[in-house]
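Reviewing the structure listed below.
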Amino acid sequence: MLDTVETLEISRYLRLHREMKEHGDTDRAEKLLDLARKARSQEFVLALCGHFSAGKSTMLNELYGEELLPTSPIPTSANVVAVRNGEDRVVLTLRTGERLLFNGAYTEAELKALAKNGDEVVAVDLWRSNGRLPEGTVLLDTPGIDSTDDAHRVATESALHLADVLFYAMDYNHVQSEVNLQFVKELKQRGKRVYLVINQIDKHRENELSFADYQKSVEKSFSDWDIDVDGYYYTSLRQKDHPHNEWEQLKSTFIQMMQEPEQWVTRSIHQEAKYLIGEHIADQERRLVAEAGKFESPESCATLESEMAGKKQEKASIRQELDLKKSDFLRSLEEITSNAYLFPFEMREKAKDYLETQLTDFKVGFLFSKGKTEQERERRKQVFYEALREAVDNQLDRHVRETVVRFLKENDVYKEERGQEIYGADRTFKPEMLEEMVKTGARLTGDYVLKYTQDLAAAIKGVSQRQAREWLESFIGEIEGKLSGRLDEIHAQLEELEGQLTHHREFAEQTAQLFSYKEQLTRVLTSNQPFEDESITEQELTVLGLAEMEKGSGETITASIADLVSSDAQLFEHVVAMASTEEVPEVLEMASATKTTRSTIREEPEQQVITGVTRVEEILADLESLSAHREELASKRKRAEERKFTVALFGAFSAGKSSFANALIGERVLPVSPNPTTAAINRIGPPTAEHAHGEAVITFKTAATLLEDMKQVYRLFHQEISTLTEGLSGIAELLKQPITHPRQKTALPFLKAVSAGYDTFSERLGNTVTLPLEEWATWVAQEEKACFVEVADLYYDCPLTRKGVTLVDTPGADSIHARHTDVAFRYIKEADAILFVTYYNHAFSRADREFLIQLGRVKDAFSMDKMFFLMNAADLAASEEEKQGVLHYIQDQLLTYGIRNPRLFPVSSLLALEEKNEQKESNQPSGLAALEEAFYRFLSRDLQTVTLHSLQNGVKRALSMVQSLLDAAKQGNEAKQKQREELQAQLISFQQAVGKVDGGADEQALRREIEELLYYVRQRMFLRYKDVFGEIFSPGVLREDRGEIKEIFRSCILELIDFIRHDLTQELRATSLRIEGWEENRLTDQANELASTSRGINQGLLLSEEPAFSASIIEWETPFPELSLDSFKKIANSFKGSKSFFAKDDKARIREEIKEVLETAVQGYAEIAGEKMYLHYQDAWRNALIQLKEKANREGTRWFESLLRALSDDTDPSVLENKVASLQQEVTEMEQLLNRK
C-alpha cells in the first residue's frame, strides 16, 4: 500500500494531469502522468545526450563497466536507450506506441539486429541482472540532437523530462556550435541540472592553442549565451593518460550521484512539473490570444482606454495644433539662421577689403588712378559678394527651402508645383545689401568690420526668414482645413475604439480566469495539504502499474531474442501485431510525440528560401495578373542561386597581395613579387563552359591605353608626347636624363620594358590570346610582356572559386598610371567585397594613405560594410605583444582615414599556404582560418540576407494580392457588378496618379545637393594642404646635393599639381557615389508615395517599393590640364634655394602663393564638374522615374484587370483558396527560416 506522503505526492501530479487533459493539453498531461509514475517508483535517471559523434554510448559502456551498447549503430536506429537493474530483458517501444517485451540476455550483434529497423523503433529499455547499477537507477542514452531525423530530436526531448541529471557530451571540435548552445540553454531554462562533457580532447594540439585558452573559449561561449551550467569535464576515452583528461573525476561524480539519489529525484520531479505548468499556461495564453484575434495582450484594455482619452484630448486641442505647427516651423527657421555661420575669418577679411573701398580714401596707383581704383573697388565688391552668396546658398537658403518643403510634406500639402516654386525662387541675398549695410561716417576699424558683418548677417537672415514666413502664410490655410477634417475622423475612431474596448474587456476577463487557473495549478504543486479528491481511481492505479502490484499478477510476452533475430521481416511484423494485444509489465514510460509533419528538406536556410520561391513561382504561374511580379521574383531567385561574387584585392605592391591570393586559393598560382610597374589586372575565377580549368586569357592594352600610360610617365620628366611613335623614339633620351625625383625612378623599368618589347608585341595590342596555365605566369611576372597586358584572366577550379568567387588582384595603390585610379574606383564601387593588404613591418605609404582615405570617403555610401583589412606577414612578430601593438597602430591609422570599426585580421600568407599544402613545420598559426570564416560568412550570409529578405517581401506581396483576388471572386453577382464599376473608376484614378508623378522639384533639389557637396569638397581639399605641401617640399627632397635644385623644385610643383588633381578626382568620385545614394533614396520616396497613393485608391493594390536605380560611372578627365609649370613661373623664379626656403621662411610665402593658384583652378574645375554631374544625374533620375512609372502602370493595370477577371462568372474561388493556403504556408516557413538565420 502507498503511505500518506507518497499518495499526496502522486495525487498532486495526477491532479495536474487531469486539469491539463481537460484543457486539451494531452502532451503535457501525459508527461505529468510520467512524473506521477516516477514519484511512485522514485527512479533516479542519469541521462547522456549531445552530438552523435561525441561518444555517448562509449561513455555509457565505460560507466557501466562493460560493453552494454553498440557504439555506433544504436543512435541511428533504436533512439532512446534506458538501462536498469533487473531480470535480463529488452523492451522495444515502437512509433505506434506499442511495446514489445523480450526476455533474456542479449549479445551486441543481437541488439544491433533488434535496432536495425529504425523506422519502427523509438526507444529501447534494457534490464541487466549483473547488479552493476543500484536498484532504482536508470542510465539514459539518447540520439544525437544534431540528427538529420527530426524524430530523433523529438525522442530525445520527450525522454529528458524524466532525467534528474544530464551530462551533455560534445565533440572537441564542435563545442561552440549553435545547436549545443541553444539546446543546453533550453535545458537550463527548464531547471535541469546539466554538466558539460567535452570529449575527444586527444584532438587538441597544444602548439596551435594552449589548453587553458581552449577551456576559456569554451566556457566563454556558454557564458556569452548566459548559460550557467553545473560543471565542465574534459575527457578522452581513447587516450586515457592525456594530461587534461578528467574522466576519472566524471566517473566519481556518477558514482556519488547514484549513491545519493534521494537528493535529486524529488527536486527534479517538482522542477519539471513547475516547468510543464509554465509551458501549459503559456500555451493556453497563446490559444486565448489566437481566439481573440488581433487583441493580444491583457494590457490592451488600459492601452485602449489611454488611446481613447488621447483621442478625446486630441479632439479638444485640435485648434491648438495649428499654432504648434507654426511655432515648430518658426523654431526650425530660427535654429537654421542661428547655426548659419556666414562670416568666418576668411569672409571677414573679404568684408574688410570691401569696406576699405567704402570708408577710406581708397586709391590704386598714381597714373590713371581713377579708372584703376574703380576697377579694384568693383573687383573687391564682386569677390566679397560671390563668396558670401555661396556661403548663404549652402548654409542658409538651401536649408530654409528644404525645411519649408519638409514642412509641406509632413503636413500632407506638398505639391510638385509648390516644390518647384520654392526651389526655383530668387536668392534672398542681393548685391545692393552690401552697400546698404555700410554705416555713414563709420571708420575702418576691426570693431566696425565685426559690427558690419554682424549687421549684414542679421539682415540676410531676416530676409530669408521673411521669405519663409510668406511661404508659410500661403499654404497655412490648407493645413487648417485638413485639421478641421480630422475632427470627423477622430469621432469615427472613438466609436471604433469603444467597440474594441468591449472586446478587450472580455479578453481581460478571460485572461484573469487564466491567471486564476495558473495560481490553482501552482497551489496544487506546492501545497502540503491533502486535496478533497485525493483518492486514486482504479483506472489510475492500472495506469500507474499499482493495480498489478496489489493483485500480484501481470502477464508478459515470452519470446527469445535469438528467435526474433533469426526471423525475417515478416516475423517481426507478426510479433508487432501480436504485441498490440498483450500487456507489458510496468516500464518507466517515455512520453513521445508521434505526430508526423511535412518532411523537412535538409538544406541550408538560404537554399530552402530559394526552393520555396520556386514553389511560389509555380503557384503564380497561371495568374496572368501577377506575371510581372512572378518574373521579378524569378529574376531575384536566379541571382541568389548563381551566387557570383567579385572580390577585389588592394594594397601596395610590397604588401604581398599575390602571396595572400595564393593562400586563399590554396596553391602557388599567382607569381609573387611582381615588378611594381607591371600594373596589370589579374582575375582568377571559376571555369566556364567556354574556358576549362587552367586556361588563361590575356587581354592586351590598346594602342590608346599604352599611349596614355606613356604620357603619364613623360609628364614625370616634364615632357609631353602626342603619339606612340614620338614616345617610343624618345625613350632612349629620357633614360639618359638625371633623376630629380623618386617617382621618375619608379617609371624607368616600365620605359625599358616598353622599348624592349614593343616590336614583338605591337601587333597584339587590342587583341586577346588564350594560353595554358604554365605560360600565363610569364605574362604576369616578366615586365617586358606584362607592360603590354591590360587584364590577365585565369579560370581555375579551387575551393575559393567553387564558392562563385572571382578574385581580382588590382594594380597597387602606388601604381604610376593615373588611369588605374579609375580601375580601382570601379572595383571599390562594384565589388561584393574588398580585401586591403598591408605588410607587417611597412608603415602606410602616401599612396596607401590616399587610397585608404578614398575608402573612408565612400565607406558610408555602401549599404553594408564590405571591407576587410589584412596585416600580412604576421609571423614576423617577435611576440604576441608586439603583434598586438602593430594591429592597434593599424587600427588607429585607419580611424584617422575615416575607417571606423575595421575588420582587421593578422595573417601569414607563407604559413597559410604551407598549412593548406600540409608542408608546415612551424607551430605558429597562420591566422587565415579566422579571416576565411568571417569572409565566407559575409559572402554566404550577409550578402545573401538582403536578397533573401527581398524574396520574402515579394512572397508576402504575392499572398496579399492573391487574397484580394479571392475576396473579389467570392462576392455575389450584384456586389460583383458594383465592384466592377468601382474598379474601372479606380483604374482611371490610378493611371492618373501615375501620370502625375513628377520629379521636377527633386531635380532642383539635386542641383542644390550637388552644389552643397562640391562646396564642402573645396573646403576639404585644402584642409590637408599644409601637411601635403610639407611632405612634397621636404628637406629630404629639396637638397642641393641631389642635382639642379631649381629643377627639383619644379618637380615638386608638378607632384603637388598631380596630387591636387588626383585628390580632386577622388573627391568627385566619392561625391558621385553620395549623389547616387541621394537619388536612390529620393526614388524610393517617390515609389513609397506612389504605393501609398495606390493603396488609397485600392487597398489590395501593392506596388513594388524596390525601385531599380542605376547610373553609369562618370569618366573624369584630368582636372585643369592647362595648369603647368608656366602657371607657377613667377613663384618658381622666386625660389632662391633650399637654405632660403627652409631657414628664411620662404616656405610659408611660397606655400600660400601656390595655394592661391591651386584654389582658383579647383574652383573653376568644380564649377564645370558640378554642371557635368547635374546633367549626368538629372538624366539618370529622369530615366529611373520613367522606369518607375512604367513599371507601376504595368503592375497596377494588370492588377485591376485581374480583379475584373476574378469578378467574372467563370472564376473558380476554390482555385484561389488553394493558392492562398499554399502561399500562406510558404510565408510561414520562410519567416521561420529567416528568423533562424
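Every read-out reported here was derived from the displayed coordinates using simple, explicitly stated rules and does not represent laboratory data. Keep in mind the model is a prediction, meaning the values are calculated, not measured. Quick reminder, even Gly has a Cβ in these numbers, built from the backbone with ideal geometry, and neighbours come from all protein chains shown.
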Legend entry - Sites residue 373 and residue 313, calculated FRET efficiency, Cβ-Cβ separation with R0 51 Å, nearest 0.05: 0.15
Legend entry - Spin-label pair residue 980/residue 66, simplified geometry with 7 Å Cα→Cβ offset, distance in nm: 8.6
Inset, instruction - With only Lys, Arg, Asp and Glu charged, each at its Cβ (+1 for the first two, -1 for the last two), find how big the charge dipole of region 698-793 is about the Cα centre; round to the nearest 20 debye. - result: 420
Legend entry - Spacing of the two label points (7 Å from each Cα toward its C-beta) at residue 266 and residue 998, in nm: 8.5
Legend entry - Neighbour cut-off at most 15 other Cβ (10 Å), DSSP loop, GluC sites (Glu not before Pro), region 955-1048: 1044
Legend entry - Distance between modelled label sites at residue 402 and residue 433, nm, 7 Å Cα→Cβ extension: 2.0
Legend entry - Dipole magnitude of region 860-970 about its Cα centre (Cβ charges: Lys, Arg +1; Asp, Glu -1), debye to nearest 20: 940
Legend entry - Protection proxy ranking, peptides 1060-1072, 1219-1231, 793-805, average beta carbon neighbours within 10 Å, highest first: 1060-1072, 793-805, 1219-1231
Inset, instruction - Kindly identify region 937-1031 as rounded, prolate or oblate by the Cα gyration tensor criterion: order the square roots of the eigenvalues as a ≥ b ≥ c, call it rounded if a/c is under 1.5, otherwise compare a/b with b/c, prolate if a/b is larger, else oblate. - result: oblate
Legend entry - At R0 = 30 Å, FRET efficiency that the Cβ-Cβ distance of residue 1132 and residue 356 yields, to 0.05: 0.45
Legend entry - Around residue 352: net Lys/Arg minus Asp/Glu count, Cβ-Cβ under 11 Å: -1
Inset, instruction - Would you kindly state how much longer the chain becomes between residue 129 and residue 415 on full extension, computed as 0.36 nm times their sequence separation minus their alpha carbon distance, in nm to one decimal? - result: 94.0 nm
Legend entry - Chain lengthening between residue 42 and residue 22 when straightened (0.36 nm per residue, less Cα-Cα): 4.5 nm
Inset, instruction - With r as the distance between the Cβ atoms of residue 726 and residue 763 and R0 = 25 Å, compute the FRET efficiency 1/(1 + (r/R0)^6) and round to 0.05. - result: 0.80
Inset, instruction - Within region 455-498, list the trypsin sites (Lys or Arg not before Pro) lying in a DSSP loop whose Cβ has at most 14 other Cβ atoms in a 10 Å radius. - result: none
Inset, instruction - Name the long-range amide H neighbours of residue 695: under 5 Å, sequence gap of 5 or more, or other chain; modelled H, no Pro or chain starts. - result: 795
Legend entry - Sequence ranges 55-68, 378-391, 440-453, ranked by mean other-Cβ count within 10 angstrom, highest first: 55-68, 378-391, 440-453
Legend entry - region 309-507: relative contact order as a whole-number percent, Cα under 8 Å and 6+ apart: 32
Inset, instruction - Could you list which residues have their amide H under 5 Å from that of residue 868, counting only those 5 or more apart in sequence or on another chain, with H placed in the peptide plane? - result: 834, 835, 836
